[in-house]
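Bear in mind that the values in this text are calculations on the coordinates, not laboratory data. Here the structure is a predicted model, which means the values were calculated and not measured. Cβ atoms come from the backbone with ideal geometry, glycine included; neighbour counts cover every protein chain shown.
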Amino acid sequence: MKIHFIAIGGSAMHNLALALQHKGYMVTGSDDVIFEPSRSRLDSKGLLPKEFGWFPEKINKDLDAVVLGMHAKEDNPELLKAQELGLKIYSYPEFLYEQSKNKTRVVIGGSHGKTTITSMILHVLNYHDIPVDYMVGAQLDGFDRMVHLTEENDFIVLEGDEYLSSPIDRRPKFHLYRPNIALLSGVAWDHINVFPTYENYVEQFKIFVDSIVKGGSITYNEEDAEVKNVVEASENPIRKLPYTTPEYTVEDGQTLLQTSDGPMPIEIFGKHNLSNLAGAKWICQNMGVDEEDFYEAIATFKGASKRLEKIAEAANSVAFKDFAHSPSKVAATTRAVKEQYPDRKLIACLELHTYSSFNPEFLKEYKGALDAADEAVIFYLPESVAIKKLKEVTPDQISEAFQRKDLNIFTEASSFHEFIKRQDYSDTTLLLMSSGNYGGLDLNEVKGIIEG
């Protein structure tokens, strides 16, 4: 098959392109800008466009399909040409469904935890040499790509994102997968530029549960009140399988999971990650992995990329960076790190970076998110607010939203960087949280300071 990608450089799109090439398809693509690591990965397989931009002449009747990425616009010249020729145009999730409609589809949904849970499941299956197709939103150790597609594998494991499918398909991605086996980890308002009210956001998860194939199953976190409401109110004739956080203890910075064979040391930590582990365990069992084999494999799981990633460690100090940026993730990550190192001072730094985080109404959702920190720091760039064409956000608004009077707020990258560099890190944990880059903070320099 000949497949053309419009906006091939996206994180998800370029992985799908690589997967299809690996499967034997003829793949071409276009984009107006491609960043690392997508650029190098496409280049290594001969898929990097020779020049950037949009070229309608690449679109012809010889193509079997076009895959349209979110980065493209509705008036994209290549899209208009494909529509004019009557070619089959897929969104990313539509194409994944097309590739997996004869497989057992396992879809992991939730506002938080879905990447980690999907990664845990794939780690366990890979450990035991159980072949599956997959799509996950993080690069994993031992995996060449974030997408893998075959004709022969019975299962496909999909991370179910609730964001929009394409510029011409405004449905959330996870509405299109029609799972046989599903999981829902948590519901906490996000993507307010697309879902302007909390009720509208929750509705997307109701549709997801109702989209599960009749006779299928939903494994759900019953400790999340909204998840419990959404799942238990659904009239879809499916099996409903609740899970809760397993028992665990923390001793000298080591988390021990309670199992039927006694306490088992694990690499990950934090209540939210133990909850994720419980969900992953039930999904793996639904896929034929027994409990003992699950525990053997999960003991070696070090975490998903960008999730609580240790960047420095000395005898009595440690530093982590984490992708957390939404209120629920920030709160869970901050609590987890404090619980793991309760006798150390915790300096928690959050960069406000997303569209949602600069919205005055949404800002209120951050109330108490940094309460577990001994010292709480907010960094944001006013120019980022201006670029997003939003109203100015003031330090007073931020302080009021977090409900913390001793909040340190920095609006200049140099001042924030200087603050990080001048701290005494004895008996201290540093936590950096952002989906951005902390104003260009040199993490190698931070590592040098902490490790001395």
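What's the whole-number percent of alpha carbon pairs in the range 322-394 lying beyond 18 angstrom?
Values: 1044 of 2628 pairs.
For the range 322-394, the share of Cα pairs beyond 18 Å comes to 40 percent.
Let me know the shape class of the range 168-253, please: from the alpha-carbon gyration tensor, a ≥ b ≥ c as square roots of the eigenvalues, rounded when a/c is under 1.5, otherwise prolate if a/b is greater than b/c, or oblate. Walk me through the numbers on the way to the answer.
Details: a/c = 2.09, a/b = 1.31, b/c = 1.59.
Verdict is oblate for the range 168-253.
Order 117-126, 132-141, 234-243 from most to least packed using the mean count of other Cβ atoms within 10 Å. It would help to have the intermediate numbers written out before the result.
Values: 117-126: 25.3, 132-141: 21.6, 234-243: 15.3.
The densest-packed peptide leads the list: 117-126, 132-141, 234-243.
I need the per residue convex hull volume for the chain, using only the alpha carbons, in cubic angstrom as a whole number. Intermediate values should be presented prior to the final figure.
Values: hull volume 68.1 nm³, N = 452.
Measuring per residue, one finds 151 Å³ for the Cα hull of the chain.
Where in the range 62-112 are there trypsin sites (Lys or Arg not before Pro) that are in a DSSP coil and have at most 15 other Cβ atoms within 10 angstrom of their Cβ?
Values: sites: 73, 81, 88, 101, 103, 105; in loops: 73, 88, 101, 103.
Answer in residue order: 73, 88, 101.
Compute log10 of I(q)/I(0) for the range 309-451 with the Debye formula, placing one identical point scatterer on every Cα and leaving out solvent, at q = 0.08, 0.10, 0.19 Å⁻¹, to two decimals.
The Cα Debye sum returns log10 ratios of -0.19, -0.30, -1.12.
What is the fewest-to-most order of 343, 169 by other Cβ atoms lying within 10 Å of their Cβ? Please report the intermediate quantities before stating the final value.
Details: 343 8, 169 19.
Final ranking by Cβ density, sparse to dense: 343, 169.
With the radius of gyration and the Kirkwood radius both derived from the Cα set of the range 95-298, what is their ratio Rg to Rh? It would help to have the intermediate numbers written out before the result.
Working: Rg = 16.7 Å, Rh = 17.4 Å.
Ratio value, two decimals: 0.96.
Give the residue from 108, 204, 295 lying farthest towards the positive end of the charge dipole for the chain; charges sit on Cβ (+1 for Lys and Arg, -1 for Asp and Glu) and the dipole is referred to the Cα centre.
204
Sequence-distant or interchain residues sharing an amide H contact under 5 Å with residue 165, placed H: which?
Correct list: 171, 173.
What distance in nm separates the simple spin-label points at residue 143 and residue 444, each placed 7 Å from Cα in the Cβ direction?
In this crude spin-label approximation the distance works out to 2.9 nm.
Any chance you could get the radius of gyration and Dmax over the Cα atoms of the range 213-352, in Å?
16.9, 54
Using the number of other C-beta atoms within 10 angstrom as an exposure proxy, rank 385, 67, 33, 377 with the fewest first. Kindly include the intermediate steps, with their values, before the conclusion.
On the way: 385 18, 67 25, 33 10, 377 22.
So the residues, fewest neighbours to most, are 33, 385, 377, 67.
Hey, what's the Cα Rg ratio for the range 2-87 versus the globular rule of thumb, 2.2 N^0.38 Å? Before the final figure, lay out the partial values.
Details: Rg = 11.8 Å, N = 86, 2.2 N^0.38 = 12.0 Å.
Normalised by 2.2 N^0.38 Å, the Cα Rg of the range 2-87 equals 0.99.
Length gain on complete extension for the stretch residue 424 to residue 43, per 0.36 nm per residue less the alpha carbon to alpha carbon distance?
Working it through step by step, the gained length comes to 132.8 nm.
Which three numbers, in whole Å and largest first, are the semi-axes of the equivalent ellipsoid of the range 58-120 derived from its Cα gyration tensor as √(5λ)? Walk me through the numbers before you get to the answer.
On the way: eigenvalues 181, 49, 11 Å².
Each semi-axis is √(5λ); the values are 30, 16, 8 Å.
Using +1 on the beta carbon of Lys and Arg, -1 on that of Asp and Glu, and nothing else charged, what's the dipole of the chain about the Cα centre, debye to 20? It would help to have the intermediate numbers written out before the result.
Values: 47 positive and 68 negative charges, 208 e Å.
So the dipole magnitude of the chain works out to roughly 1000 debye.
Set Lys and Arg Cβ to +1 and Asp and Glu Cβ to -1, take the dipole of the chain about its Cα centre, and tell me which of 60, 216, 140 lies farthest positive.
Going by the charge dipole, the pick is 60.
Could you work out [θ]222 nm for the chain from helices alone, using -39500 (n - 2.57) per DSSP H run of at least four and dividing by all its residues? Round to the nearest 500 deg cm²/dmol. Walk me through the intermediate numbers first.
Details: 15 runs with 149 residues, N = 452.
Using -39500 (n - 2.57) per qualifying helix, the result is -9500 deg cm²/dmol.
Can you list which of the GluC sites (Glu not before Pro) found in the range 79-176 are DSSP loop residues with at most 15 other C-beta atoms within 10 Å?
Numbers: sites: 84, 94, 98, 151, 152, 159, 162; in loops: 151, 152, 162.
In loop regions of the range 79-176 (DSSP not H, G, I, E or B), the sparsely surrounded GluC sites (Glu not before Pro) are 151, 152.
So, in nm, how far is label residue 75 from label residue 210 when the simple model puts each one 7 Å beyond its Cα toward the Cβ?
My value for the distance between the label points is 3.6 nm.
Would you please report the Å³ per residue occupied by the convex hull of the alpha carbon atoms in the range 369-427? Don't skip to the end; give the middle numbers.
Values: hull volume 5.4 nm³, N = 59.
Per residue, the Cα convex hull of the range 369-427 comes to 92 Å³.
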